[in-house]
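Reading through the structure tokens given below for one structure.
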Amino acid sequence: MKTLLRILRLRWFVPALLSSLLFGCDSSVVSRAAADAPSSAPSSDMPHLVSQGGQELMTVDLSRIEGLSIGSVKVVALPGVLEAVGQVNFDDRLVSTIISRVTGRLEDIKVSQWDTVRAGENILSLYSPDFMTAEAEYLEASSGPRITGPLITSGTYDMGADLKTAAIKKLELLGLSPADIADIKQATPSRWMRAPISGIVVTKLALRGAQVNPGDQLFSLATLQRVWITADIYEDDLSRVHTGQSLEATTAVYPGQTFKGVVDRISPALDPNVHTLQLLCQIKNPGEKLKPQMLARVRIVTRPGMALVVPQTALVFEGNVYYAFVQIGPNTIERRTVQVATWNDQGYARVVSGLKSGERVVTRKSLQLDAVWRAAHGQSS
């Protein structure tokens, strides 16, 4: 009996001991694992983003980025010559468009595109019954009896003259010149259209045998004796230019040759994306060397001005946008969008907008700082 009790006590004690050892071991393992696990809370010296006044800023220990330098946005004097890049275009005051004034058919065409024509030269023959009708009315009014005398009240005493005047006006509206009208001896449905100006055929839409209607464009003529150069200037330079200002234009095609001109017009509106506006520069074109769409550089003699500049190393280019890192506090920076322009001094860029004089910007290691910014931005999201 005693032996049986010992066996039962042993059977109860052994499982209890094993259970105690196992649970004690598991508890110590969990405690050590919890102690060794890294904390999920961010360290205070790690870069992180903060929002201040609606602006996204980054707090970072700048001393940890080896070689990083910070400098100020500078104000420098602009030279007394304003340079701008532009493009040659036709002076639209020297462009003439020839349209059909009647319904008819093109019988003959004397010129092709890029031909040079003289004012008054025949360029195409147009067949239209409208010509024949108008000419017949003119001949009838010209040959009819003149009704004059006291039997006709004032204002209507010469009806024949009124009819002739109306017939002449109708022919003029159809494109006939006074000389053409004077030469009319009999009505005819065909008429030659003449070049209204001397110039070059820049557009030819007319085709022999084609049917045309009033308002259809047939040709465009232009002269290159005087051209426009459309140049872009920055908003800050607007006060330095005015209409009538003398300028010189140069091209890579004709090195060493200058073309004289003046500022003819100034655009009333700015491009909001790049803060520029356009100048229309009227340029004399001896020998018609300047051609439409040719690139040119204009130099306008003007009074000196001021501009903001930063080192090019301060800029980060991403997605067609330039950025600069502005120091807001000892270890607080802002990634700011800026608009820049080329500058004569190598290694610098002119600031059009986005920065102010005296602001502190990162001038070296901007790319490394940008990588830190993007990493912090990815962690915050």
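At q = 0.30, 0.31 Å⁻¹ the log10 of I(q)/I(0) for the range 48-90 amounts to -1.08, -1.08, computed by Debye summation with a single uniform scatterer per C-alpha, solvent ignored.
Each Lys or Arg adds one and each Asp or Glu subtracts one; over the other residues with Cβ under 15 Å from the Cβ of Glu121, this totals +2. Backbone phi angles across the range 300-312, fed through the Karplus curve with coefficients 6.51, -1.76 and 1.60 (θ = phi - 60°), yield HN-Hα couplings of 10, 6, 8, 7, x, x, 10, 8, 8, 9, 9, x, 4 Hz in residue order; Gly and Pro are listed as x.
Cross-link reach is defined here as a Cα-Cα straight distance under 30 Å, omitting same-chain residues fewer than 8 places apart; for Lys365 the lysines meeting it are Lys74, Lys356. Electrostatic tally near Arg208: other residues with Cβ closer than 12 Å to its Cβ, Lys and Arg +1, Asp and Glu -1, net +1. Each Lys or Arg adds one and each Asp or Glu subtracts one; over the other residues with Cβ under 13 Å from the Cβ of Thr313, this totals +1.
For the range 93-222, the fraction of C-alpha pairs farther apart than 21 angstrom is 48 percent.
With both labels modelled 7 Å from their Cα along Cα-to-Cβ, the Val85 to Asp183 distance reads 5.2 nm. Partners of Lys289 within straight-line reach, counting lysines whose Cα lies under 24 Å from its Cα and excluding those fewer than 8 residues away in the same chain: Lys204, Lys260.
No value in this document is a laboratory result; all are computed from the given coordinates. On a predicted model such as this, the values are computed, not experimentally measured, just so you know. Every residue, glycine among them, receives a Cβ derived from its backbone with ideal geometry; neighbour counts consider all protein chains shown.
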